1. On a full-extension model of 0.36 nm per residue, what is the gain between residue 39 and residue 123, subtracting their alpha-carbon distance, rounded to one decimal in nm?
2. Under the 0.36 nm per residue contour assumption, what length would be gained going from the current alpha-carbon distance of residue 68 and residue 3 to full extension?
3. With label points built 7 Å along Cα→Cβ from the Cα atoms of residue 59 and residue 100, find their separation and express it in nm.
Amino acid sequence: MPSPGRGLPRLVRGAVLATFCLLMSMGAHVAAGGSPPLSPGLLLCAGLLVVSCVAAADRRRGFGGIVTVAGVSQVVFHLLSAGGDHGGSAAVVTPGPGMVLAHVVATLVVGAALACGERLVWSLAALCGVVRALRLVRCCPPPGPAPAAAAFAAPRPVRRWILARSGPAWRGPPVLSH
């Protein structure tokens, strides 16, 4: 498995975050009685959201980073959805306390779920790296002792008669002559 911060895993992680942000906002708008908001401005912002989420997926993101992206996207998509549906009237664009609470709760729930998913993806990538390293270790048996090291591996018994006959003569005090 390649690093989740590069290639296809990065693209998928960024796209998942952008999709959740977009669906959460559009779903809330439709659930509140609005029509599906498909305007050129909304599509442009959705494209920018995907690009920015993929760009930000180069590293592991925590709960705070994910909630920030989801919260900002909620505000932007709420303004685009409400303005397009009702001609931009200030009464609809300015949310009431119930709507703000619903946006905050949805953002926190989605942020928590995606942060857990982020932890899982990065943990699986680390586990795959460990498994790959263990396979390499198992495939390559440890080398045997080197020939020079084998000679010194086991001590040989010392033979005293070899010591007595080899080497220079023992020196000591001179013998006294009579």
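1. 26.3 nm
2. Working: separation 65, 0.36 × 65 = 23.40 nm, distance 2.38 nm.
The residue 68-residue 3 span can extend by a further 21.0 nm.
3. Using points 7 Å along Cα→Cβ, the separation is 3.2 nm.
Bear in mind these aren't lab numbers, they're just calculated from the coordinates by the rules spelled out. It should be emphasised that the depicted structure is a prediction, and the values quoted were computed from it without experimental measurement. For neighbour counting, all protein chains shown are included, and Cβ atoms are generated from backbone atoms with ideal geometry for every residue, glycine included.
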